[in-house]
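**Student:** Dumping the structure here so I can ask a few things about it.
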Amino acid sequence: MRIYCEKDYNAMSRRAAAIIAAQVVAKPDCVLGLATGSTPVGAYKQLIEWNKQGDVSFAEVHSVNLDEYYGLAPEHDQSYRYFMQTNLFDHVDIAAENTNVPSGLADDPVAECARYEQVVADLGYADLQLLGLGRNGHIGFNEPCDHFPVATHLVDLTESTIDANARFFASADDVPKQALTMGIGTIMKARKILIVASGADKADAVQRAFAGPITPEMPASILQLHPDVTLVADEAALSKLKEANA
Ligand code: GLP
């Protein structure tokens, strides 16, 4: 595992963007696994800039997003489809038909999960999967539980995740209670993993994920078993991992 310790959010974002751009330059028709949340926003901004300057093109890229809230329409300003359009897709040369996000409005969410898993499998899984890290250690929306869910599935969000995401909604009551998410198995099939973390409130999760036991109670800890993981984080997010390794 490679760890990049960057001094702040901007430096972390530039480093993460450079790793994604390197993947796209090396393999222009690659499959990018993409993530939402506030952490990757700076990296997406940087990629938009490089795309506008002509340094990196997404024209042949396919993307697969990790997750989507169940019950939100793509046009809802808190849906992850909307997030991806406004933070990346609308500003770069990726083909709309090459972008994939689970549908939050499917009548049968379980069937939608199976369909989505097949889409990702048919693309050959991600060449590079970008991940954020929940404060409780979730990746995608794989919440702490008693097992590692393998494939894309419907999940009940934990109170901690609902609280953490309430800031984006009028109130915690408005946060959807379920989501469709790639499974741990879907994520682990990516050839490379890039996980980003910023800020002191992620320091515990980073430490437990990468220096603690591998347990479904800390979903990100499974990444210790992946052969090609890069963690890009700022000093605040790495503070406890550094102490653990000191
Ligand atoms: C959300 C997303 C995750 C994301 C996490 C952290 O719940 N489903 O994919 O990594 O929260 O978000 P943030 O980067 O805003 O801290």
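**Student:** Mind checking which residues of region 1-25 are under 18 Å from H62 (Cβ atoms) and open to solvent by 50 Å² or more (accessible area, probe 1.4 Å)?
**Tutor:** If the condition is that a residue be under 18 Å from H62 (Cβ atoms) and open to solvent by 50 Å² or more (accessible area, probe 1.4 Å), then A22, V25 are the ones that fit.
**Student:** Any residue in region 58-82 that's within 20 Å of N142 (Cα to Cα): show its pairings with residues that are more than 15 Å from the ligand (Cβ to nearest atom) at Cβ separation under 6 Å, as long as the two are six or more apart or on different chains.
**Tutor:** Hits for this filter: S63/T99; V64/N100; V64/V120; Y70/P109; R81/P74.
**Student:** Which residues, counting only those in region 82-99, are open to solvent by 30 Å² or more (accessible area, probe 1.4 Å) and under 18 Å from the mean Cα position of the chain (by Cα)?
**Tutor:** Y82, F83, Q85, T86, N87
**Student:** Which one of these does A151 not meet: (1) near the ligand (Cβ under 9 Å from one of its atoms); (2) touching an Asp or Glu at 6+ places or on another chain (Cβ under 9 Å)?
**Tutor:** A151 satisfies all of (1) near the ligand (Cβ under 9 Å from one of its atoms); (2) touching an Asp or Glu at 6+ places or on another chain (Cβ under 9 Å) except (1).
**Student:** Moving on to the next point. Out of all the residues in region 165-197, which are farther than 30 Å from A26 by Cβ and crowded, with 23+ Cβ neighbours inside 10 Å?
**Tutor:** Passing the criteria: A179, L180.
**Student:** Quickly run through region 49-70 and pick out the residues that are of a type outside the set (F, W, Y), under 18 Å from the mean Cα position of the chain (by Cα) and open to solvent by 10 Å² or more (accessible area, probe 1.4 Å).
**Tutor:** Hit for region 49-70 is H62, nothing else.
**Student:** May I pose another question? Restricting to region 26-43, and then to whatever is open to solvent by less than 20 Å² (accessible area, probe 1.4 Å) and more than 12 Å from the ligand (Cβ to nearest atom), can you tell me which residue is farthest from A166 (Cα to Cα)?
**Tutor:** Ranking the candidates gives C30 first.
The values are calculated or read from the model by the stated rules, or taken from the named source; none is laboratory data. A quick note: this is a predicted structure, and the numbers were derived from the prediction, not measured. Glycine gets a Cβ as well: all are built from the backbone with ideal geometry, and neighbour counts include every protein chain shown. Side chains included, ligands, DNA and RNA excluded: accessible areas come from the protein's heavy atoms. Shrake-Rupley method; radii C 1.70, N 1.55, O 1.52, S 1.80 Å.
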